[in-house]
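Down below is the structure, laid out as structure tokens.
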Amino acid sequence: MSVSTDLAAIRIIADTTQNKNISTVLQQALKALVDNVAYIHYAAWFKEDTAEVSISSNSNDTYAGTLSFPVSENEGGEEIGKLVVATKESVAFDVTDLTTLQEVANHIAQWSRVH
């Protein structure tokens, strides 16, 4: 299950090195997750409880599970954003996915603070 998540993460990191526009990077990152990870059907980036960008395979979908990956400026600090992904499958994510998606969220947050 996690190979496609890893490949999407690599694509997201590559996109941040090639693009300076935060909106474009967020759009591409979420699209990479939804388009390339078969069991991710929805992805969104929230900043201060507001969805800045969201991508869905179908806006009328009902999801079996949702995961949230919060990020903060420093460990134990106030949440500054979060990556949210959802799936229609009852069993979709493994432990490696969780680690990879948290790293993606951390990378996007760190990159967006600089740009």
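A few notes on this one:
- Taking the numbered list (1) among the acidic types (Asp, Glu); (2) part of a loop (DSSP other than H, G, I, E, B); (3) closer than 17 Å to residue 2 by Cα in turn, residue 61 passes all entries but (3).
- Summed over the stretch 31-76, residues that are surrounded by 14 or more Cβ atoms within 10 Å (Cβ to Cβ) and of a type in the set (Asp, Glu) total 2.
- With respect to being farther than 18 Å from residue 8 by Cβ, loosely packed, with under 15 Cβ neighbours inside 10 Å and not acidic (Asp, Glu), residue 81 falls outside the description.
- Close pairs from the stretch 65-87: first in contact (Cβ under 8 Å) with a residue 12 or more places away in the chain, partner surrounded by fewer than 15 Cβ atoms within 10 Å (Cβ to Cβ) and among the aromatic types (Phe, Trp, Tyr), Cβ under 6 Å, at least 6 apart: 86/63
- Flag not set for residue 69, criterion: assigned to a loop (DSSP other than H, G, I, E, B), within 14 Å of the chain's Cα centre (by Cα) and closer than 23 Å to residue 6 by Cβ.
- Criterion: under 20 Å from residue 110 (Cα atoms) and modelled with pLDDT under 90 - qualifying residue of 84, 25: 25
- Beta carbons closer than 8 Å, at least 6 apart along the sequence or on distinct chains, pair a first residue in the stretch 19-37 that is in a loop (DSSP other than H, G, I, E, B) with a second that is among the hydrophobic types (A, V, I, L, M, F, W, C) and surrounded by 15 or more Cβ atoms within 10 Å (Cβ to Cβ) for 19/25; 37/8.
- When residues of the stretch 88-100 are limited to those that are in a helix (DSSP H, G or I) and without any contact (Cβ under 8 Å) to a residue 60 or more places away in the chain, the one farthest from residue 26 (Cα to Cα): 95
- Enumeration of residues in the stretch 38-56 that are over 13 Å from the mean Cα position of the chain (by Cα) and in a strand (DSSP E or B): 50
The values are calculated or read from the model by the stated rules, or taken from the named source; none is laboratory data. None of the values given here were measured: they were computed from a predicted structure. Methodologically, a virtual Cβ is constructed for each residue, glycine included, from the backbone with ideal geometry; neighbour enumeration extends over all protein chains shown.
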